Every structure is written in structure tokens, then in C-alpha cells.
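J.: The structure's right below; bear with me while I get my questions together.
The values are calculated or read from the model by the stated rules, or taken from the named source; none is laboratory data. These figures come from a predicted structure and were not determined experimentally. FYI the Cβ positions are ideal-geometry reconstructions off the backbone, even for glycines, and counts take in every protein chain you see. Ligands, DNA and RNA are stripped out before the accessible areas are found, and what is left, the full protein with its side chains, is counted by its heavy atoms. Shrake-Rupley method; radii C 1.70, N 1.55, O 1.52, S 1.80 Å.
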Amino acid sequence: MISPNADSNSKPPSHQRLTQAFEWVTGDEDARICKEIPDQACRHQPRNFFAYLVANFLGKIADELASAKLILPWLMGALGAPAALVGFLVPIREAGVLLPQLFVAAAVRHRPKRKGVWLLGAGLSGIALLAMALTATTFTGSVAGWALLAALVIFSLARGLCSVSAKDVLGKTVSKGRRGTLMGLSAGLAGLATLAVGLYIEFFNATPPVELLAWLLLLGGVLWFVALAFFAGINEHDGATEGGGNAISVAFGSFGLLKTDKPFRHYVIGRILLLSSALVPPFYILLAQQYSAGELTGFGMLIISSGIASMVSAPLWGKLGDRSSRFVMMLASLLVGVLGMLLFGLVELNSNWLNHPLTHATFFFLITVFHGGVRLGRKVYLVDLANEKTRATYVALSNTVIGCAMLLGGLVGLLADWISVHFVILTLSLVALLAAWWNGNLRDVSE
């Protein structure tokens, strides 16, 4: 539909330039063409598009600057925090984002406007990252580790608020057919920015390790506040408030499915085993740090490899996932297991290869790509396994079970203090091989 707007000549020059930029970015010839958004939102679409784009772009960069798989493990190691605490970084980050979606999603849907929920999440995210930066410059040892975990709890819960409201705001303010362009553009620009940070750290940085990491977290916090300012500029109209139950109520009310629904039960068990691929990356970072002699040698290369892996992972696994999501889960987890056993073997042999930063960057690149396959495979498999009647229940119940299992999985970090970091990698790699076997025996639902 085309919203009845005033003649373009009556609009201020700034609005005309914004409209022209919007039409250029989206490839549309008429910014007034809107699909599945209210008429009153159509005239504000160019402004909303770029406000959301910039806020999403800045948020993605900030997330990379506080990565629980890369930045925070290295910081904990540099501060002398117990390795056992590193094991809880990813579980807290992942489960923390999930919990708000389970508990408050229904409450958010009952609000006519959801922008305020995102702004609250963004503000708390910025505060949490500033607290991490302050911790890095103030504390060491166990105190620093626990303080970082506490700040990460706040950060993860805040990111959950953003996640549960962002899609609603996008759906009300940006026309169908343009949302993918927005998300793809913000992700691509954020990837380039992350690569630029990695290149700077690797080739131009002279700042001491802890100080540099504190500056990165400080920058991340500031970016969240800038993102908040842009998102506040979105013109959101009242939306529907009916429909949608509380996901956690749905989950607890349907636990019996784990007993009666065999295919779903087997999927949930397989997904629990697949957590090994999510839990292991921080220990790759700790191992790389052990070979860096306390410096930032190769740290920039790790950031670069992570950024490149994120860009190539989805296209690589996407086509395979359409053919057989079961095969993707099996293959990706098999590769996770083999890679970890290879790294364990190199440590046991005291290989000189491990003294080269490029070796660790390569291993981190591969584990990131393989984990991307695991994530894509298990998401597609669940969608294909379910139907319209069971999909919401499957998602709520599996997310609840996985959230609890993820937190328990954080205990694997205790092995790093009791034995060694590379023994944790071996343990999780063996679980990944078990996951490959288990998921390989699931029913193929892609056909």
C-alpha cells in the first residue's frame, strides 16, 4: 500500500535527503510503499529504518567488544581469575539472554509500545560494560572474576530485554521486504568494524593488555548509550496487545512431552550434548593466552579470525542445512570433536606450532565455523520437526531445558583448575563426538 503523504516538495530538505538515502540503500523507487506496517508508520519509515540500523549496528559492535567467547576469557586470564570461573562465561551469557524471553515476553507483548523495553535493556547493557571496564582496572584474581561474572549477569539479562522487544519494534516500523536488508547491512558493517579493531590491535596497538581490554569494554559501554540515543528516535505507534502466552508457563505445562514424544525427547538430548561446542571456545582462548607469555601476541588475529568465521559460517552451512539439518548437526559436532582432540594432542606433544599465534587463530577460526554449523543445524531441525500446533511448545520447552543445562555445563571449568585447560578441551571434544553419534541417529526431518 502507499500511505497518503504530503507532496515531497513540502517536506524539509533533511527529510528529503533521508528518503533519498533510504531509497538508495533498499533499492526501492518509492519510500512510501509499505507492507504490513500501520499507515501512520509509513511516513516515518526512512527515519525509523536508519535509526534502527545504526542502533543495531552499534549494539553488534558492542557485543563483540564484550564477547564471552573471546574478550572476557582473555581478560579473566590477564587478571589472574580462576579458570573455573571462565567456564561460566558462555552459560551466563546465553542463559541470561534466554531467561527474559521466557519470563517477560508475554508482558512485553501486552505493552502497546515496546521501544521502552529496548531502551531499558540498552541502558543496562551500557552500565554493565562500564562496570566491567572499571573491574578490569580495579581488581585482580578471584575478586575480579566474580565481579566480571556479576556484571555479565546484568549484561545478559539486559540483552534479553533488547532481544524480546527488538523484533516487535522492527515489525511495526519497517516494511516487510526491507527488514532483511536492514539486518544484513548492520551485520555486515559490524563485521567490518570488528575486523578493523582486530587489525588495529594486531599491528598498531602498544597498550598493555589489561588496559587495552578495559578500553574496549569502555568503548562498548559508550556505544550502547549512543545506540540508545538513536533507537529513542524511532517513531513507534501503538500495536496489538492481545495474544501470546508466557513461554515459561507453556514450558512447565508441557514437560510431559519429554516422556511421551520420543522424537522430541531425542532432539533435546542431542541438543544438550551439542552444548559442548558452545562451552569450549573460551578454553581455546585461555590456551592461546598461555602461549602468549602474558602479552597480547596474536590477540588481534583471534578477533580477525572470529570476524571472518562469523561472515563465512552461515552461507557455508545454510545450503547443507536445507538438504539435511540432521547431517549438519552430526558433521559440525564431529568436526568440533576432532579439532579439540587435535589441539589436545599438540599440547601433549609440546608442539612448536603452538608458539605461533597463527596456529591459535586458525583453531579459533575453525571452532567458530564449526559451532556456527551446530547452531544452524539444531535450529533448522527443530523447525522442521515441529508443526504449527507444536512449534511454540517445542521452542519454549527446549529453551527451558537447555538454559538449565547450560548453567550446569559451566561447572566444566572446574576441571581447568583441577587438571588443565587442555584437559577441559579434550573432555568437551569427547562430548562433541558423542553428540555427533547421537544426532546422526535422529530421524531425518528435512525431506
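J.: Based on the mean of other beta carbon atoms within 10 Å per residue, what is the order of 332-338, 226-232, 310-316, 263-269, most packed first? Before the final figure, lay out the partial values.
T.: Values: 332-338: 24.6, 226-232: 19.3, 310-316: 15.1, 263-269: 17.4.
Sorting 332-338, 226-232, 310-316, 263-269 by mean packing, highest first, produces 332-338, 226-232, 263-269, 310-316.
J.: Ranking request for peptides 346-356, 274-284: highest mean number of other beta-carbon atoms within 10 Å first, then the rest in descending order.
T.: Going from most to least packed, we get 274-284, 346-356.
J.: Under 1.5 on a/c is rounded, so check that first for segment 347-418, then, if it is not, pick prolate when a/b is larger than b/c and oblate when it is not; a ≥ b ≥ c are the square roots of the alpha carbon gyration tensor eigenvalues.
T.: Cα axes put segment 347-418 in the oblate bin.
J.: Of the accessible area of segment 296-447, with the probe set at 1.4 angstrom, what percent is carbon plus sulfur? Walk me through the numbers before you get to the answer.
T.: On the way: 4700 of 7040 Å².
The C+S portion of the solvent-accessible surface of segment 296-447 is 67 percent.
J.: Counting other Cβ atoms within 10 Å, which trypsin sites (Lys or Arg not before Pro) in segment 341-409 have at most 14 and lie in a DSSP loop?
T.: Those satisfying the criteria are 389.
J.: What FRET efficiency comes out for the pair residue 215/residue 391, r = Cβ-Cβ distance, R0 = 30 Å, nearest 0.05?
T.: Calculated value: 0.10.
J.: Also: Report the Cα centroid-to-centroid distance between segment 350-370 and segment 428-443 in angstrom, as an integer.
T.: 23
J.: Further question: How many Å² of accessible area per residue for segment 341-401, probe 1.4 Å? Show your work: numbers first, answer last.
T.: Details: 2990 Å² over 61 residues.
Accessible area per residue: 49 Å².
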